[in-house]
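Notes follow the structure.
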Amino acid sequence: MANVFTESWSLVKASAEVLNKDKELMMFPILSAISMVVLTLAFLFPMLFTGIAVDLSGQGLSFLDYALFFLFYVLQYFIIFSSNTALVGAALIRLRGGDPTVGDGIKIAAKHILPILGYALIAATVGLVLSTIRNRSKGFGSLVVGLLGMVWNVATFLVVPVLAVEDVGPIEAIKRSIAYLKKTWGEQLVGNFTFSAVFTLAGVVLVLLCVGAIVLAAYLGLPAWVMILTAIGGLFLVLILVLISSTLSGIYTAAVYQYATTGQTGEFFEDNVIQGAFGPQK
């Protein structure tokens, strides 16, 4: 476990080096977050007026209600995949020796807008089916659904960079993602590295520091500082756990794709660390 965390930290540092060269890459998660807020508000009010948001148990909902939920689900995925495609495409330009701009990433996503939408439909369908089964399953059934979700996540790990670089449709992109992973890492594999562990630890440390500072300010009778520190702590949590984490994860995905397709990662990542990105199932 310690070795996995150490190598995960090495990947975080390498991804951060790329981000240091191209800080504008953070614009893609920012644009995605803004779009998600707008989308949520656009759907929230109709759902409140129709009563859908009140009855989330699923009982008494009409076919139209379910269709609205599915549309919201698809558009969520579409925003996420569009942002990720732009981010990964721009990161690949840097990994291949170029100097990307925000406009380059947007052009890449716009060029493949239809395959991205198709993949959003597929991913939303799979996600909705797995979520429905999980909600209706208990014990072993829930475990099986979790394993299926893990297999889907690994199999589709390289779909976004494939969509960003190769002129193929969503189904072919899924096939190529699986083929690249099998060719590079073998038949049965699982993801060895996770950015979430590193950033969860960073978030916990930050929360403890903020809570300590807030308690100290409250003890000293400084209410203004309590509010200021709370706001700063929340801002840094969003910045670190969402924006930076999402950006570095996209850069890492681009590096894995670069290695899987060419056998090399360039100046920022060590090939042996990327080689350990996936391993055999135990």
(message) Suppose the filter is buried (at least 17 other Cβ atoms within 10 Å of the Cβ) and either more than 21 Å from Ile251 (Cβ to Cβ) or at pLDDT 90 or above (or both); does Thr40 pass it?
(response) no
(message) So the check is Cβ under 8 Å with 6+ separation or different chains; which pairs have a first residue in segment 245-271 that's within 14 Å of Pro100 (Cβ to Cβ) and a second one that's in a helix (DSSP H, G or I) and aromatic (Phe, Trp, Tyr)?
(response) Thr247/Phe28; Gly250/Phe28
(request) Run Ala123 past the list (1) exposed (fewer than 13 other Cβ atoms within 10 Å of the Cβ); (2) in contact with a Ser or Thr (Cβ under 9 Å, 6 or more places away or on another chain) and report the number of the one that doesn't hold. (result) (1)
(request) Could you check Gly103 against (1) at pLDDT 90 or above; (2) surrounded by 13 or more Cβ atoms within 10 Å (Cβ to Cβ); (3) farther than 28 Å from Val126 by Cα and say which number it fails? (result) (2)
(message) Can you pull out every residue in segment 154-199 that is modelled with pLDDT under 80, surrounded by fewer than 16 Cβ atoms within 10 Å (Cβ to Cβ) and of a type in the set (A, V, I, L, M)?
(response) Val190, Ala197
(request) Only residues that are at pLDDT below 85 and surrounded by fewer than 17 Cβ atoms within 10 Å (Cβ to Cβ): list them for segment 242-262, please. (result) Val242
(message) Which of the numbered conditions does Phe157 fail, given that it passes all the others? Conditions: (1) closer than 24 Å to Leu181 by Cβ; (2) in contact (Cβ under 8 Å) with a residue 12 or more places away in the chain; (3) assigned to a helix (DSSP H, G or I).
(response) (3)
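The values are calculated or read from the model by the stated rules, or taken from the named source; none is laboratory data. Model, not experiment: these values are computed from the prediction. Virtual Cβ from ideal backbone geometry, glycine too; neighbours counted across all protein chains shown.
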